[in-house]
Amino acid sequence: MKKNKLKVIFISVGIVVFISIVGLLSFYLSKKLTDKNLDNINWLRKNVSVLKDSSLGEDIYSVNKNKNISIYNLKYQKVVNEKIEKLLDNSSQEYIVIYNPYGTNKLSVNVYFKDDDFDNLQYEVSSSKDGINDFSKELVDGRNAFQLIGLIPSSKNEVSITSDALEEEIKFSIDLSDVASIGEEKLKVEDGDSDVELADGLYAMLGNDSDEEDYLAFYDNDGIMRSEIPLIGYRAHSILFDDDKMYFSISQTRIVEMDNLGQVTNIYRTGDYQLHHDYVFDDDKNFLVLANNTLKDTEEDCIIKIDRETKEVTELVDFEDIFKSYVSTCELDTKSQRDEGEDGLDWLHLNSIEYVDGDVILSSRETSSIIKVSNILNDPKVEYIISNDKFWKGTDFEDLVFTQKGDFKIHSGQHSVRYTAGENENEYYLTFFNNNYGVSNSQPRFSYKDLGITNDNPFQGDVSYYYVYKVDEENRTFELVDDFEVEYSGIVSSVQELDNDNVLVDSGTKGIFAEYDDEHNLIRKFTAKMNKYMVYRVLKYDFSGFWFK
């Protein structure tokens, strides 16, 4: 009996093992086949369709695709565009509504008109949810296809489009009851004492760090999410615009080009480098990117150029070479939290870049320094350093440090340094978020306390600041000409001077951003529920000429 039982057990175990092996083999083969198919445009043409979706509403179309197809696949984007063009060619309807056709904005619909380019089109979105204000915008003139953003997830939405060019108002309903946002739908809002109007535009939350899916979110002046773009990972560090296209990063290695209908029309890769924190256009609209060279042991200390036409990646400067004698005095930090894939010597930690007439102005968090580099595209040379002179004393670079003019607390751990022209070419202004954070992990024996900076915790401290320096290159000086206290954030964060002279400040580790008037009085403050530990950067864009008039 025991032998029979053992035999049955062995047979059962064998069957289970066999089934498991077959299952794993089938999974591997199907995955391999699927991966191959996902990059095959003919397979995509057969397996992607644009059909009416009754769950969304009457006469609302949506795109059907395999869930494994990435929206950031140019062949997929091309196939969707082909399907839409065929649908429009075969339709006799005055207009067609397609929900989020390219997968890049789950809070949007695209409206395609059969004939004519329209001027003075306006639209309004109303939600069935309580406490949600209507969202209305005027669309860009001279088009016959539009992306309408502003829909509210997990609710029914009513959309109306009006214009003198239309015989009658267009109305349709779209039900997003089954569509959930990744991020927070409505932020906590507190009004300040100022009665100055908020600047027009949408607040772009450029990274709410998460262990789950990453995203780029846009919020209106009431703190309501009006657009959400999924990312592959990491953050969208900034948004650039050129020729009706929008550019933003979707991972540590990719920047995408997206048109005003949500179609991804190009993808730019960083090669052997990882994007870190910021990027700008040069005069030819090529990307200048702060980057890690993944083939070496130091990190966050390079600038690369990505040619938008050829997509060629060129290293413009490796600061390890320029500051070699200083780097040799630095220590590897093995204790602090790092971004994914980053574990090398973080001795410089560049976190913002401004391009000005062939030169760049950089922010280095790790050295609490603002650095100007001339001729970045051809023959890079460090022109100056704005920092406390004690930090660079005794190094080969102490003669590059400008003189502090006036008695004020020096900046430390700063972020988001931005340039404004001054009265003459030798004088200008630098605006930035002064974190007031006194830690340099690669120089653990340097004492920020001797400079009056006592905060050494990135998440808990007394105060940070909005700072404006006036820089005089002729006399090699800098002075503090404007400042005010803001919520403390030891790391990340941003400031932005808006077109109406308001100031937008993001205190990243608090998950708080706020808009102030030109007298530094609070207009409105927004607080986000953080997915993990920070809201990386918040900037405001009006999307004029892109989505809106």
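Only the coordinates and a few stated rules stand behind these numbers; no lab work does. What you are looking at is a predicted structure, and each value in this text was computed from that prediction instead of being measured. With ideal geometry, Cβ positions are generated from the backbone for all residues, glycine too; neighbour counts draw on all protein chains shown.
Taking each residue of region 259-270 that is without any contact (Cβ under 8 Å) to a residue 24 or more places away in the chain and looking for partners that are part of a loop (DSSP other than H, G, I, E, B) and of a type in the set (Asp, Glu) with beta-carbon atoms closer than 7 Å, six or more apart or interchain, yields ASP259/ASP244.
Consider only pairs whose beta carbons are under 7 Å apart and that are at least six residues apart or on different chains; among these, list those whose first residue lies in region 151-166 and is under 11 Å from ILE132 (Cβ atoms) and whose second residue is among the charged types (D, E, K, R) and surrounded by fewer than 16 Cβ atoms within 10 Å (Cβ to Cβ). Pairs found: ILE152/LYS129; SER155/LYS129.
Looking only at residues in region 412-423 that are more than 25 Å from the chain's Cα centre (by Cα) and part of a loop (DSSP other than H, G, I, E, B), the one that is nearest to ASP357 (Cα to Cα) is GLY422.
Pairing each residue of region 377-403 that is within 13 Å of SER325 (Cα to Cα) with any residue that is in a strand (DSSP E or B) and not polar (S, T, N, Q), provided the two are 6+ apart or on different chains, yields C-beta distances under 8 Å for TRP392/ILE385; TRP392/VAL401; PHE397/VAL382; PHE397/ILE385. How many residues does region 259-287 hold that are within 25 Å of TYR76 (Cα to Cα) and not in a strand (DSSP E or B)? Residues flagged as within 25 Å of TYR76 (Cα to Cα) and not in a strand (DSSP E or B) within region 259-287 amount to 6.
Number of residues in region 529-547 that are under 13 Å from the mean Cα position of the chain (by Cα), assigned to a strand (DSSP E or B) and not charged (D, E, K, R) equals 4.
When region 234-256 is filtered for residues that are closer than 14 Å to ILE71 by Cβ and surrounded by fewer than 19 Cβ atoms within 10 Å (Cβ to Cβ), only ARG254 remains.
Scan region 197-206 and tell me whether some residue there is farther than 27 Å from ARG143 by Cβ, in a loop (DSSP other than H, G, I, E, B) and free of Cβ contacts under 8 Å to residues at least 40 places away in the same chain. No, every residue in region 197-206 fails to be farther than 27 Å from ARG143 by Cβ, in a loop (DSSP other than H, G, I, E, B) and free of Cβ contacts under 8 Å to residues at least 40 places away in the same chain. Scanning region 496-514 turns up one or more residues that are surrounded by fewer than 19 Cβ atoms within 10 Å (Cβ to Cβ) and not in a loop (DSSP other than H, G, I, E, B).
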